[in-house]
1. Among (1) open to solvent by less than 10 Å² (accessible area, probe 1.4 Å); (2) outside any helix (DSSP H, G or I), which single condition is Gly119 missing?
2. Scan (1) modelled with pLDDT under 95; (2) in a helix (DSSP H, G or I) for the single condition Cys152 breaks and write down its number.
3. What number of residues within the range 148-194 satisfy the criterion of being in contact with a helix residue (DSSP H, G or I) (Cβ under 6 Å, 6 or more places away or on another chain), farther than 25 Å from Asn47 by Cβ and among the charged types (D, E, K, R)?
4. Mind checking whether some residue in the range 74-95 is without any contact (Cβ under 8 Å) to a residue 24 or more places away in the chain and within 21 Å of the chain's Cα centre (by Cα)?
5. Taking into account only those residues within the range 165-186 that are in a loop (DSSP other than H, G, I, E, B) and within 19 Å of Leu385 (Cα to Cα), which is most open to solvent (accessible area, probe 1.4 Å)?
6. Looking at (1) under 26 Å from the mean Cα position of the chain (by Cα); (2) within 23 Å of Ala304 (Cα to Cα); (3) of a type in the set (Phe, Trp, Tyr), which is the one condition that is false for Trp364?
7. Restricting to the range 187-245, name every residue that is surrounded by fewer than 21 Cβ atoms within 10 Å (Cβ to Cβ), among the β-branched types (Val, Ile, Thr) and not in a helix (DSSP H, G or I).
8. For the range 156-164, does any single residue satisfy the condition of being in contact with a Pro (Cβ under 8 Å, 6 or more places away or on another chain), surrounded by 21 or more Cβ atoms within 10 Å (Cβ to Cβ) and aliphatic (A, V, I, L, M)?
Amino acid sequence: MNQIERALQCTTDTKACLMGRGVVADTAKVFVELFPGQKALVVADLNTWTVAGVAVQQSLDAAGVVSEPAYVFDDPELYAEWKFVEQLQARMSQTDAIAVAVGAGVVNDLVKYVSHVLGRRYICVGTACSMDGFTAFGASITKDGNKQTFSCPAPLGFVMDPLIAAEAPKELAASGYADLIAKIPAGADWMLADAVDSEKIHPLAFDLVQGGLKNALSNPAAVHAGDVENTEKLAEGLLLSGFAMQAMSSSRPASGLEHQFSHFWDMEALSYPDGKHVSHGFKVGIGTLISTLALEFLLTKDVAAVDTDAVVAAWKTWDEMAAEIHRLCANLPGHLSRCLVEAKGKYVDAEGLRRQVELLKAAWPSLSERIRQQILPFEQVYENLKAVGAPYEPEMICVSREHLKETVDVIPFMRARVSCIDILYRLGYLEEFKTSLFSKGARWEVAE
């Protein structure tokens, strides 16, 4: 039994998966197996229609599946934004057909959400290795200027041909690679959360993500060059990440501190000068660099010898922490309400902190070694991102060093999920860590 077959035994949403060369021609087999006797509606954009949509439609037609005329988004600025939800919902409301989303990113999220609203399931035919969301529950869509994750099931069936994915624009594979390398520090974050009894590790979900992860990441230059074998490895890694999230009904197996940077910048609609949005993977990639540095910094500390009484004595009350959040978000009104809710969700009182610190100290001798084995060195992550064609400096995604520092200041409060930065904050190391990033002579020096 391979990893995909193993994963399908524990997924909550996806029940059929075809991955291999030429499998797009077999899309109809998956459709008929999952939706016997039902009509189909292929949904694509101009690019995905050309590279796979036509073949998908031909497969359905050849199998005798009754289909509505394909719905092809023709807006060159197509984005996972609410106006496109409304457009697709208006079309899908006119029929009871089952959607076949042709596209792994925006098209998939739009179809995923609208299908759920209309009480239907759907199939996704992935065309690029751009992110891990194609087999994950939830759809990331911008509404009222705020990037939000809407709860909705992952596709019932998934199809991907690595030959097609390898021919996709290089920046898509680079984005997917950056999203996949993020799982390395995310795994270490989960180890820390488990150690302080915040979120216990789900062994199967952890293994689905981490089992073949370093092998999938081993040749970024080949991914950049469009090598089919390495693109298939990347695709499988992303696919398994989505399946692991299904198994837990949570993004915890694939998301840690690095994703909090993406969430922060999502809320700012981070864009390039031409107005094009920075991809999820590219934002996460820069977050991964910082997350890796945070873990490396933590490993320099003798956590087992921490003075628990001193840490507890320095701990803020909730009112004091809320005041700190108000100060840090004074010029970030959109972030303030989120940070107050998320930080409250993981806040512990003095006795709760004492328990967490004691648990961490007891675990540290073995835990620190596991984290060392888990993570990749910062310079390797940096060089891998460069080799795959992903951004490796914050300025490459239009984040100045000053703004990066502002982001790091707020990140501990961006999500209720415990990560490395929470451990630094709780132990009183956060200011020292920020100094190591932004002081004179540091990697991202910020002039005073």
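1. Among (1) open to solvent by less than 10 Å² (accessible area, probe 1.4 Å); (2) outside any helix (DSSP H, G or I), Gly119 violates only (1).
2. (2)
3. Total meeting the criteria: 2.
4. Within the range 74-95, not a single residue is without any contact (Cβ under 8 Å) to a residue 24 or more places away in the chain and within 21 Å of the chain's Cα centre (by Cα).
5. Selected residue: Pro169.
6. (1)
7. Ile201
8. Within the range 156-164, none of the residues are in contact with a Pro (Cβ under 8 Å, 6 or more places away or on another chain), surrounded by 21 or more Cβ atoms within 10 Å (Cβ to Cβ) and aliphatic (A, V, I, L, M).
The values are calculated or read from the model by the stated rules, or taken from the named source; none is laboratory data. This structure is a prediction, so every number in the text was calculated from the model and none was measured. We place every Cβ from the backbone using ideal geometry, glycine too, and count neighbours over all the protein chains shown. To get the accessible areas, we keep the full protein, side chains included, count just its heavy atoms, and leave off ligands, DNA and RNA. Shrake-Rupley method; radii C 1.70, N 1.55, O 1.52, S 1.80 Å.
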